[in-house]
Structure formats: structure tokens, C-alpha cells
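Heads up, the thing below is written out as C-alpha cells.
Nothing in this text is a laboratory measurement; each read-out follows from the coordinates by a stated rule. This is a predicted model, so every value here is computed, not measured. We place every Cβ from the backbone using ideal geometry, glycine too, and count neighbours over all the protein chains shown.
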Amino acid sequence: MNERFKFRVWDKGNEHYVDCADMLYIEPSGEITYACYDGDREDMYYYEQNDVVVEQCTGLRDKNGKLIYEGDIVGNEKYVHEIVWRDKDASFHTKLKGMEFICGHLEQSWIDEFGFKIIGNIHENPELLEQSNDD
């Protein structure tokens, strides 16, 4: 399976990532439905679109081999970047913490060269983006 087309779901109300989202549907009405399978049991959950954040996988991996999703915060000893989607050119980019502008197109060679690893995400660790890269 192409990892680029994996998704994760952040539940805004309960402030956590959904444990499983085996099947994810976005209805024309904007309602988001996802199904979770646990052995022989199937559970269906329904959310309004504004109650969740759906984040897509970049298809790339950090230096530890962990898949990177939009909303992840990656860094090394010197720099911290947020992974963002840019509609303008339909691609993932990085945004330097503390900056309003997009830094660059996200590529595996860039991640490997600078040894970036996932250090958090924008929902659970927003404080990582409040510091400057001059620290």
C-alpha cells in the first residue's frame, strides 16, 4: 500500500488522535465517518468536519523510520519545522518555527541530510513552535 495515502484523525473535542481509522469517508455534506475494526467487532464513528482534523501522510520517513504526517513537528539539534500542506502547489512543505512563511518543499533527501526526526505535533506539542530557532 502506498503510505502517501494514509491518514490520521485528531479529535478536537477529546483532544487525542483516533486510535484507528481503517476506513475514512468524507461525505458530500462534510460529515466525516470512519470505521474501526477490533477483531470481529466493527465500530462506526461519525463526526462533523469541524470537530476533527484529518492529516495526510507525506509518504516520507524521519531519521528513525517513522512516517511523517502533516501537522508533525520535525527537528534536529538546531532547527524545528512544522510540516504543512500548501494548496498553491499541492505539496507538503516545511515551516520554520516562529515564522509565518513556508520554507521549502519537503523531500526525503532533505530529511536525511539534516537528520530530522519527529519531535511532536501541532496538537499535543504547540509549545515547540513558540520558541525561535536561535535557541
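When the Cα positions of Trp85, Thr58, Val74 are compared along the charge dipole of segment 53-103, Val74 comes out farthest toward the positive end, with charges on each C-beta of Lys, Arg, Asp and Glu.
Write out the trypsin sites (Lys or Arg not before Pro) in segment 83-128 meeting two conditions: DSSP loop, and at most 15 other Cβ atoms within 10 Å of their Cβ. Mind dumping the intermediate values first?
Details: sites: Arg86, Lys88, Lys95, Lys97, Lys117; in loops: Lys97.
Passing both the DSSP loop test and the Cβ count: no residue.
Taking a temperature of 4 °C and a viscosity of 1.567 mPa s, what whole-number D in µm²/s does Stokes-Einstein yield for segment 48-94 with Rh from Kirkwood over alpha carbon pairs?
Working: Rh = 11.9 Å.
In µm²/s, the coefficient is 109.
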